[in-house]
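Asks: The structure that follows is given in the form of structure tokens.
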Amino acid sequence: MFTRLIKKFIIIVITLTAALNLTACDKALAKQVRDNDNSVPSELLSQVNKTFQSNFIYGDWRFQGTIAFKQAINAYIQIPDELELSKSQQIQYIQQVICPAKEHTNLWMSVKDYPLHIHIYTNNKKETIEAKCLNPLA
């Protein structure tokens, strides 16, 4: 019986130690998984992914995928260097250049019930410039 208690104690200590030793990256990933929601259909996220992937094949900007969060679609684009623009100018740039054009009618009809946000960042996904795309069909 005493041995069994020691084994349980050791397992608890190991579990607590492992939980406390999560790296920042692990914590960020755990938060992202926890924060993901199922409010946006996965087929819709796939459609948005395909749209952006085709736009970032060439060049230094890298499309890093989409996640659903708080009933919105969030697309992430990693850029090599910060843009030398003010925050408001960067938001305007995202809305005018990066957000899908009006000609992407099928996409805009599909996302009509979900806000589409574009995030650009250099190294840290937590430090993004975010802009909400304005649906031209709304």
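Read-outs throughout are calculated quantities, based only on the coordinates presented, and are distinct from any laboratory measurement. Not measured: the values here are computed from a predicted model. Here the Cβ is made from the backbone with ideal geometry for all residues, glycine too, and neighbour counts use every protein chain on show.
Asks: Within the stretch 48-62, whose backbone N sits under 15 Å from a point 7 Å along Cα→Cβ of Ile79?
Replies: It comes to 56, 59-62, nothing else.
Asks: Moving on to the next point. Around Trp108, what is the net charge, scoring Lys/Arg as +1 and Asp/Glu as -1 over all other residues with Cβ under 14 Å from its Cβ?
Replies: After counting each charged neighbour, the total is +1.
Asks: Which length gain, in nm to one decimal place, applies between Glu127 and Gln64 when the Cα-Cα distance is subtracted from 0.36 nm times their residue separation?
Replies: Here the answer is 21.2 nm.
Asks: Under a Cβ-Cβ cut-off of 15 Å, what is the net charge of the residues other than Asn123 that fall near it, where Lys and Arg count +1 and Asp and Glu count -1?
Replies: -1
Asks: Subtracting the Cα-Cα distance from 0.36 nm times the residue separation, let me have the gained length for Thr105 to Ser39 in nm, one decimal.
Replies: 21.6 nm
Asks: Place a label point 7 angstrom from the Cα of Leu137 along the Cα-to-Cβ direction, then list the residues of the stretch 92-113 whose backbone nitrogen is under 11 Å away.
Replies: 102-113
Asks: Regarding the stretch 38-133, what's the average projected area of the Cα-atom convex hull, expressed in nm²?
Replies: 6.0
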